[in-house]
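*Asks:* Following this message is one structure expressed as structure tokens.
The values are calculated or read from the model by the stated rules, or taken from the named source; none is laboratory data. Not measured: the values here are computed from a predicted model. Reconstructed Cβ throughout: ideal geometry from the backbone, glycine too, with neighbour counts over all protein chains shown. Protein only, heavy atoms only, side chains kept; ligands, DNA and RNA dropped before computing areas. Shrake-Rupley method; radii C 1.70, N 1.55, O 1.52, S 1.80 Å.
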Amino acid sequence: MATVQVSEAEKVYILHGIRDDLRVDGRGCEDYRHMEVETDVVSNTDGSAKVTLGHTAVLVGIKAEIGKPRPMIANEGYLEFFVDWWVSANATPEFEGRGGEELGTELSNTLYKVFNNQHSLDLKSLCISPGEHCWVLYVDVLLLQCDGNLYDAISVAIKAALFNTKIPRVHISTDEEGGKEIELSDDPYDCMRLDVENVPCIVTLCKIGHRHVVDATLLEKACSVASLIISVTHRGIITCSRKVGRGSLDPESICEMIEAGKRVGKALHPPLMKLLQQEESLGKKRQKVGFLC
């Protein structure tokens with residue numbers, strides 16, 4: 001991820017504050033920065049959302065297209081992830097050249113493991129005709145601004161965009177020769193919605209000193225030796241985990257970080273779903289203040 005230069009005095013100040021459960025911006029170790037979520041912000045998509053977490057901003061757009069099921073799973077649809085960025089390489093050197101490509105690949109691979117499985121989303125509901133046609137959801141992630149904790153912000157944006165996604169209803173008929181014809185409904189209200197209840201959110205925990213923090217800024221990230229990324233459902237079930245960073249984590253720290261991640265992740269879902277449902281209920285009356293509105 002993007003890094004910043006931190007002096008030894010700054011590191012000591014940050015470490016001592018985290019030791020006392022008081023971070024530079026006044027948060028506790030398990031507190032998120034202020035988060036803003038807005039859906040339906042891009043008109044030429046089937047679902048979209050923008051999430052701002054502190055000074056980190058992410059835009060997600062989803063396009064549903066008819067494709068062919070994968071050979072080994074003929075009765076399911078699937079998701080494809082693409083990550084791009086719209087941030088200055090001068091301000092964030094890691095996004096420049098090969099580093100940006102590697103970061104995009106790393107993010108895409110992690111998102112695929114977290115979201116593209118039967119435990120997160122009902123992929124069978126995306127099947128149109130087993131072995132022949134299915135819905136493929138192309139999830140485009142655009143990084144607008146980076147100040148740490150990309151994984152968490154992206155996962156919230158993806159869940160919000162999936163909630164907002166409307167897939168046209170499909171009608172299958174048979175022609176005179178016995179072939180199948182697919183017709184898509186023209187009625188914008190005749191659509192299929194996705195059940196996102198089990199879609200997990202990612203919680204990133206950074207080990208700093210002898211403690212760990214949630215939603216680390218770039219400044220805090222520079223003081224971290226290693227991080228643990230876990231995806232957590234609304235029931236507190238972990239669906240995926242991976243360790244990132246050059247440093248090591250001892251077994252005791254890993255257990256503590258997992259428990260904290262489960263606790264934080266489980267608490268993140270209810271307010272997010274409540275916000276999405278409230279925004280949905282406003283319909284066209286709601287005020288759009290997001291990107292490309």
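*Asks:* With springs only between Cα atoms under 10 Å apart, run a GNM on the chain and tell me which of Ala57, Ala267, Ala153 wobbles the most.
*Replies:* Looking only at Ala57, Ala267, Ala153, the largest GNM fluctuation is found for Ala267.
*Asks:* Counting other Cβ atoms within 10 Å of each Cβ, which GluC sites (Glu not before Pro) in segment 147-193 have at most 13 and sit in a DSSP loop?
*Replies:* Passing both the DSSP loop test and the Cβ count: Glu176, Glu177.
*Asks:* Here's a follow-up. Top mean-square fluctuation among Asn116, Asn149, Asn44, Gaussian network model of the chain, C-alpha springs under 10 Å?
*Replies:* Fluctuation is largest for Asn44.
*Asks:* Keeping all protein chains in position, work out how much accessible area Arg193 exposes to a 1.4 Å probe, and write it in Å² to the nearest 10.
*Replies:* The value for Arg193 is about 90 Å².
*Asks:* A follow-up question, please. Residues of the chain: accessible area per residue at 1.4 Å, in Å²?
*Replies:* That works out to 51 Å² for each residue.
*Asks:* Considering the zone a paramagnetic label at Asn198 would reach in this model (a point 7 Å from Cα along the Cα-to-Cβ line), which residues of segment 208-242 have amide N under 15 Å from it?
*Replies:* 232-240
*Asks:* Regarding the chain, what's the average projected area of the Cα-atom convex hull, expressed in nm²?
*Replies:* Hull-based average projected area comes out at 17.2 nm².
*Asks:* Right, here's the next one. What does the charge count near Val60 come to, summing +1 for each Lys or Arg and -1 for each Asp or Glu among other residues with Cβ under 10 Å from its Cβ?
*Replies:* Charge balance near Val60 sits at +1.
*Asks:* Applying 1/(1 + (r/R0)^6) with R0 = 25 Å to the Cβ-Cβ distance of Val225 and Gln118, what FRET efficiency is obtained, to the nearest 0.05?
*Replies:* Plugging the Cβ-Cβ distance into 1/(1 + (r/R0)^6) gives 0.10.
*Asks:* Moving on. List the chymotrypsin sites (Phe, Trp or Tyr not before Pro) in segment 123-220 that DSSP assigns to loop (not H, G, I, E or B) and whose Cβ has at most 12 other Cβ atoms within 10 Å. Which are they?
*Replies:* Taking segment 123-220 and a limit of 12 other Cβ atoms within 10 Å, the loop chymotrypsin sites (Phe, Trp or Tyr not before Pro) found are Tyr189.
*Asks:* From the residues Gly148, Val60, Leu126, which one has its Cα farthest along the dipole of the chain in the positive direction, the dipole being from +1 and -1 charges on Cβ of Lys/Arg and Asp/Glu about the Cα centre?
*Replies:* Gly148
*Asks:* Can you return the lysines within cross-link range of Lys221? Criterion is Cα-Cα under 26 Å, with same-chain partners fewer than 8 residues away left out.
*Replies:* Lys221 reaches Lys11, Lys50, Lys113, Lys159, Lys207, Lys243, Lys262, Lys266.
*Asks:* If we count every other residue with Cβ under 12 angstrom of Ser253's Cβ, Lys/Arg +1 and Asp/Glu -1, where does the sum land?
*Replies:* Spelling it out: positives minus negatives among the neighbours equals -1.
*Asks:* Right, something else. Filter the chymotrypsin sites (Phe, Trp or Tyr not before Pro) in segment 1-87 to those in DSSP coil with at most 16 other Cβ atoms within 10 Å of their Cβ, and list the result.
*Replies:* Answer by residue number: Trp86.
*Asks:* At a 1.4 Å probe radius, carbon and sulfur cover how many percent of the accessible area of the chain?
*Replies:* Answer for the chain is 51 percent, counting heavy atoms of protein chains only.
*Asks:* Here is a further query. How far apart, in nanometres, would the label points at Ser125 and Phe82 be if each is projected 7 angstrom from Cα along the Cα-to-Cβ direction?
*Replies:* Distance between the two pseudo-spin positions: 2.5 nm.
*Asks:* Net charge within 14 Å of Ser227 by Cβ-Cβ distance, Lys/Arg positive one each and Asp/Glu negative one each, not counting Ser227 itself?
*Replies:* +1
*Asks:* What's the extension gain from Lys274 to His55 if we count 0.36 nm per residue and subtract their Cα-Cα distance?
*Replies:* Length gained between Lys274 and His55: 76.5 nm.
*Asks:* Something else: So which residue, out of Leu184, Leu15, Leu205, gets the largest mean-square fluctuation from a GNM of the chain using Cα contacts under 10 Å as springs?
*Replies:* Leu184
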